[in-house]
Amino acid sequence: MLHHHSGLLSARNIYNFLANQAQEDENLLIDFPWKSIWKIQAIPRIKLFVWKLAGKALHTSSRLGAHNPEIDPNCQLCDFQVQETENHLFRSCPFARTIWFRFSLGNLTSSANTDPITSWAKGWLLNPDLDNLAGKISTILWFIWKYRCSVVFENITPNPMQLIDQINRFLQSIPQKNKTKGLDNNRLMMINTKWSDINKDWIIVIDASFKEEYLSIGYAHIVYSVDHQTFMHISAGSETATSALHAEAKCLQKAIICLRDNVLSSVSIVTDCKVLADSINKDNTNLSWTSENTVQEAKTILKDLPRAQVKFTNRKYNSAADRIAKEARIKSLQHMSTKLQQKLSNLALCLMYLIETKL
Ligand SMILES: [Zn+2]
């Protein structure tokens, strides 16, 4: 029900869904501080997950099992033979409790929870003492859910240590924007106003770096939230391509695939390659067949993302992505280590700062 026919999950769809839910659970959901979810310092996917959790929209086994007798309604993370409700899965399940205790958040759990999950989430979302922890809590919840899905669907044997390890690695990879020298929210706000012609909720700045001798490319995506004036995510990697344009097209294709898998309400993908932007936005272009194929694939996915658009920008706005793409190519980056990701994130922030001060 949550998914619009376009495949996009818009705030309105969620609102409508919640409005319907509210009839059953009126007071709790109406009182819920929905807007504060967007202030959590976490990637969009995690925020959306918290929306779903608080809106009781997760497909837990207990919820699905109520409608389908073939589905085992019990928790797969423990041997307690109790129904997998949100309260059990995220709070009282011994598996979840092991995770919370490991991250010194044992106070969030209890073996006997009777208050609804919505009130529980409201508690830590609005608690000023837990302000900086909302991102961490949301992240851990999301990881528990992801892990639970791999146990249910891929028959992985539950191992809390494995999950703790995954969460640790993820938390270490998050850019520490407050630690970046000389950069504060006012700066980011200024960057935002310079980009004022890009009137979208999200901006993804992309770039590719191509080396003809080796046919190798590096690519980079920097995801920026207009609402929050902050960088949400950076990814980079290496690949092969047949030409500089093919490299740019592959970079775009990867960004669009990322969009398809993430929920980013309205998005401008920004490239400094004019031919590429034109080939996406106009029908008549002459491209080599390799680039043509990649561009067509990107266009096909874009058709399902009506609120995403590709825009051309001047190269000077793109130097952060450019630097990261070069670094990714030179290091022939397969998987970004958390250390490198941190380094690249800081580099992007510093470069944005430099661009801003030079303008
Ligand atoms: Zn359990």
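May I ask you to list the residues in the stretch 53-97 that are charged (D, E, K, R), buried (at least 17 other Cβ atoms within 10 Å of the Cβ) and at pLDDT 85 or above?
Arg63, Glu84, Glu86, Arg91, Arg97
Can you pull out the residues in the stretch 60-84 that are within 10 Å of the ligand (Cβ to nearest atom), touching a helix residue (DSSP H, G or I) at 6+ places or on another chain (Cβ under 6 Å) and in a loop (DSSP other than H, G, I, E, B)?
Hits for the stretch 60-84 are Cys75, Gln76, Leu77, Cys78, Val82, Glu84.
Pull up the stretch 208-233, narrow it to residues that are at pLDDT 90 or above and touching a Phe, Trp or Tyr at 6+ places or on another chain (Cβ under 7 Å), then point me to the one that is farthest from Ala308 (Cα to Cα).
Only one residue fits best here, namely Ile217.
Out of all the residues in the stretch 85-106, which are over 19 Å from Gly135 (Cβ atoms) and near the ligand (Cβ under 8 Å from one of its atoms)?
The answer is His88, Leu89, Ser92, Cys93, Pro94, Phe95.
Please count how many residues of the stretch 41-59 are away from the ligand (no atom under 16 Å from the Cβ) and under 13 Å from Trp142 (Cα atoms).
Total meeting the criteria: 13.
Just to be sure, is Ile191 at pLDDT 65 or above, farther than 19 Å from Glu327 by Cβ and assigned to a helix (DSSP H, G or I)?
Taking the combined requirement at face value, the residue does not satisfy it.
Of all residues in the stretch 236-253, which are within 15 Å of Ile324 (Cβ to Cβ) and either acidic (Asp, Glu) or surrounded by fewer than 19 Cβ atoms within 10 Å (Cβ to Cβ) (or both)?
Ser238, Glu239, Glu248 - these are the residues of the stretch 236-253 that are within 15 Å of Ile324 (Cβ to Cβ) and either acidic (Asp, Glu) or surrounded by fewer than 19 Cβ atoms within 10 Å (Cβ to Cβ) (or both).
Under 9 Å between Cβ atoms, which residue pairs at least 6 apart in sequence (or on different chains) link something in the stretch 83-96 that is more than 20 Å from Met161 (Cβ to Cβ) with a partner that is in a strand (DSSP E or B) and more than 7 Å from the ligand (Cβ to nearest atom)?
As it stands, the answer is Gln83/Asn74; Glu84/Asn74, since those pairs meet every condition given.
The values are calculated or read from the model by the stated rules, or taken from the named source; none is laboratory data. From a predicted model like this one, the values you see are computed outputs, not experimental measurements. Cβ: placed from backbone, ideal geometry, glycine included. Neighbour counts: every protein chain shown.
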